[in-house]
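Values quoted throughout were computed directly from the atomic coordinates according to the rules given, and no laboratory measurement underlies them. Because the structure is predicted, anything quoted here is derived from the model rather than measured. Glycine gets a Cβ as well: all are built from the backbone with ideal geometry, and neighbour counts include every protein chain shown.
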Amino acid sequence: MSQPRIKRIPVTVEEERLAERCARGRVIVIDDDAHWRDAVVSALELEAYAWECHPSALSYLASQREAQPTFAGPSCFLCDVRMPGMDGLELQRQLLAETATPFLLMSGLSGAHEVATAFRAGALDFLPKPIDLDKLLAAIERALLVSRERQSQAEKLAGMTQRVAQLTQRELQVVRLVVEGLSNPEIAAAMHVALRTAKLYRQRALEKLGVSKLADLVRMADTLGI
């Protein structure tokens, strides 16, 4: 199945160029139509995007078992619906719990039911074939913007999680009591400690979390469920 790829650092001129393309955006094209894949790749090359191609959903899944490190940057799937072995809707369903990478699905034969299924499963867009390349590139640009925002949010979440992990049990307890709206004297009483000690726990917790305002602390606690 799809596994998170370890980010790598460019060490050659060729890799630096690829890293620049990945920073702009990487498109994973999955389609059994070789002529269409070639046309898409040509358009992606002109737009200076990074890309990878697979002739089927099963081929893509097989490639993930030996996935190599990739360069940082936003990415999206551009996947046909009607393919032998496994269709695009099933691939999307399987990857839904494993990746936040946006899905662009496309088909020349799909009906309303398949379109509705795709959107319910989280597809960002459904493009009927034949697709005008300008419209396709516009959809890809939107998907990469969504990917970049999702990656940014994931990084922020990871940073908050790391900061919370630095708290002692007593500091975490203070944070929870502060979020509940207790004053310093009430916190001291709830924890059976001196007021000065409660204030010290609170100060240290806020410093470790990198927040100074109650509103920011509440938002962080709500986001992390603490």
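Here is how the numbers come out for the structure above:
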read-out	value
For the range 199-226 and the range 98-154, distance of Cα centres in Å	37 Å
The chain, dipole about Cα centre (Lys/Arg Cβ +1, Asp/Glu Cβ -1), debye to the nearest 20	1460 debye
The chain, helix-only ellipticity at 222 nm - DSSP H runs n ≥ 4, -39,500 (n - 2.57), divided by all residues, nearest 500	-18000 deg cm²/dmol
Cα centroid of the range 45-87 to Cα centroid of the range 156-195, whole Å	44 Å
Relative packing of peptides 207-213, 49-55 - highest average C-beta neighbours within 10 Å first	49-55, 207-213
Two-decimal Rg to Rh for the range 1-140 - Kirkwood Rh, Cα set	0.95
